[in-house]
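**Q** One structure, pasted below without further comment.
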Amino acid sequence: MPVTRRSDLHGPALVFITTTVVDWIPVFSNDSAALAAALQLRDVVRQFDLSVAGYVVMPSHIHALIGFPDISYMSRVMQAFKSLTSRCIKDLNICKPWEETCKNDRFVLWKRRFDDLVVYSERQFRVKLEYIHSNPVRAGLVANATDWKCSSARDWILGEKGLIEIDRSCTWLSQK
């Protein structure tokens, strides 16, 4: 059975995406770096007219549930996000502890690939959203999901607006 390539996918979709820093370096344990990553995600979502149903910025990776009007743009979106975030993080001058990432003036923040999973059901959506929100708790970073600043947990659990506007409608699930 042939493998479906991203370029073969078209149309609206809700996608669970994970992207990771090279060597799992905890760049986003720096509050300024975590905030920069969240704000870049917000800006890229606006630029491409996407929606975010959930997200979390962990010390070394990011998870997000993103609604795409056309999933064929996913690689372009991720390329833009990674490029913009890399520039922001480099400009923060926080890479001293991670000299390998910054050697020879060649700054590499992200692993080249990212993982994605198209979400097809409301049950799968709920599982992924819970996974995103409980990630900082499972990692031992906070006691409650709502204590993690760069996450949509406060939006969903407490009804408080966060850094990124959250789409609670789940309309992407009904467009399949």
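**Q** Hey, can you grab everything whose amide H is under 5 Å from the amide H of residue 52? Only 5+ residues off in sequence or another chain; H modelled, so Pro and N-termini drop out.
**A** Hits under the 5 Å cutoff: 67, 167.
**Q** For the charge dipole of region 7-174, defined by +1 on Lys and Arg C-beta atoms and -1 on Asp and Glu C-beta atoms about the Cα centroid, which residue among 134, 80, 166 has the Cα displaced farthest towards the positive pole?
**A** The Cα lying farthest towards the positive end belongs to 80.
**Q** If you average the sequence gap of Cα pairs under 8 Å that are 6 or more apart and divide by the length of region 7-174, what percent do you get for the contact order?
**A** Computed value for region 7-174: 33 percent relative contact order.
**Q** Something else: Excluding same-chain pairs closer than 8 in sequence, count the lysine pairs in region 7-174 whose Cα atoms lie under 27 Å apart.
**A** Going through region 7-174 pair by pair, I get 18.
**Q** Something else about it: In nm, to one decimal, how far is the modelled label at residue 75 from the one at residue 131, with both set 7 Å along Cα→Cβ?
**A** 2.3 nm
**Q** Right, next: State to the nearest 20 debye the size of the charge dipole of region 7-174 about its Cα centre, where the only charges are +1 on K and R beta carbons and -1 on D and E beta carbons.
**A** 200 debye
**Q** Radius of gyration and Dmax for region 7-174's Cα atoms, expressed in Å?
**A** 15.5, 49
Any read-out appearing in this document is the output of simple, stated calculations on the displayed coordinates, not a laboratory observation. This structure is a prediction, so every number in the text was calculated from the model and none was measured. Neighbour counts run over all protein chains shown; Cβ positions are idealised from the backbone, glycine included.
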